[in-house]
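Below is one structure, written out as structure tokens, with a few remarks after it.
Bear in mind these aren't lab numbers, they're just calculated from the coordinates by the rules spelled out. Quantities reported herein were computed from a predicted structural model and do not represent experimental measurements.
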């Protein structure tokens with residue numbers, strides 16, 4: 001029995017000391033009962049500054065605090081596990097993005113929250129979105145459309161100009177199959193062979209004139 005208790009204590013210590021996941025324990029009134037080192041370092045506070053404080057200390061505003069109650073706390077208090085991406089506030093005032101998951105602890109008087117910092121990922125996604133918008137703006141008034149195939153997941157980025165050439169707006173699916181379905185059957189094999197050759201030789205350019213099916217059903221020639 002003693003060995004079992006020691007194993008449980010060891011497992012719990014590993015969980016609480018995890019260097020990649022923040023651990024936060026609050027009571028049902030949302031007062032902070034425990035934080036681990038990871039969460040303390042990511043938010044800029046010492047443990048002593050956090051223990052006993054309202055969880056609102058992590059929120060960017062009172063509105064954010066109240067909104068989080070509706071989105072997450074209310075559900076957890078009903079015994080429903082929750083995991084959401086949310087904005088939190090660092091001690092220095094800057095905003096950080098986190099994925100926070102919550103569960104009621106045994107006895108249903110405390111809530112265990114796990115927290116992961118996803119700020120870098122969110123910022124990269126925002127930067128990609130900004131670059132896409134800049135590209136679309138730069139291409140406005142220019143007749144060329146931009147089309148890009150991501151080989152890792154077969155997703156496709158197509159500029160609005162490219163989609164409009166085919167009679168579509170933003171509703172055109174962003175997947176390679178959507179493009180293949182619109183290439184003329186007599187042209188598809190040739191262009192796919194050229195693409196495969198470019199990929200195998202790691203060349204930067206491909207020039208091909210082929211037909212694509214317009215939304216109206218007609219075929220248009222593109223380079």
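What whole-number distance in Å separates the alpha-carbon centres of segment 25-70 and segment 93-127? Their Cα centres are 11 Å away from one another.
For Rg/Rh (Cα atoms, Kirkwood Rh), computed directly from the structure shown, the correct entry in [x] 0.99; [y] 1.18; [z] 1.03 is [y]. Please label the shape of segment 34-147 as rounded, prolate or oblate, based on the square roots a ≥ b ≥ c of the eigenvalues of the alpha-carbon gyration tensor (a/c under 1.5 means rounded; beyond that, a/b larger than b/c means prolate, else oblate). Verdict is prolate for segment 34-147.
Dividing the helix sum by the residues of the chain, where each DSSP H run of 4 or more adds -39500 (n - 2.57), gives a mean residue ellipticity at 222 nm of -11000 deg cm²/dmol. Take every pair of alpha-carbon atoms less than 8 Å apart whose residues are at least six positions apart; their mean separation over the length of segment 122-222 yields a relative contact order of 18 percent.
Just to be sure I understand: with springs between alpha-carbon atoms less than 10 Å apart, which residue in 112, 151, 166 has the highest mean-square fluctuation in the Gaussian network model of the chain? Ranking 112, 151, 166 by mean-square fluctuation puts 151 first. Orientation-averaged projection of segment 122-222 equals 7.3 nm² [convex hull of Cα atoms, one quarter of hull surface area].
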